[in-house]
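As structure tokens, the structure follows; a few thoughts come after it.
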Amino acid sequence: MSSCKHSILVLLSDRKNMLRCQHCHLTIKADELGAGYCPECYEVTGNKQFDFEEVTAEDTGLSRYRCEDCGLIVKSG
Ligand SMILES: [Zn+2]
Ligand SMILES: [Zn+2]
């Protein structure tokens, strides 16, 4: 076993904030959606479409941490 005490833990933010267009089902990162409307719908129809639903990649309610020293992944929730 490792003697590491896992004292330096770094929060892993793998919960991506994704949005899915309810019309064309394009998924896009929230921070890539600069203008606020779906670029796909706009390209196809010329309409600015603002109907999105949030998509959570991992919905376990757990936070994950990585030990800086040994790289172990620690879950806590
Ligand atoms: Zn460790
Ligand atoms: Zn769309």
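Some points to look at:
- Counted by Cβ distance under 12 Å from residue 8, the other residues give a net charge of 0, where Lys and Arg count +1 and Asp and Glu count -1.
- Cβ-derived FRET efficiency at R0 35 Å, residue 63 paired with residue 3, nearest 0.05: 0.90
- Of the listed residues 75, 29, the order by accessible area with a 1.4 Å probe, largest first, is 75, 29.
- Label-to-label distance, nm, for residues given as residue 28 and residue 75 (7 Å Cα→Cβ offset): 3.3 nm
The values are calculated or read from the model by the stated rules, or taken from the named source; none is laboratory data. Keep in mind that this is a model prediction, so the values were computed, not measured. Don't worry about glycine lacking a Cβ; one is built from the backbone with ideal geometry, like all the others, and counts go over all protein chains shown. Quick note on the areas: whole protein, heavy atoms, side chains included, nothing else; ligands and nucleic acids left out. Shrake-Rupley method; radii C 1.70, N 1.55, O 1.52, S 1.80 Å.
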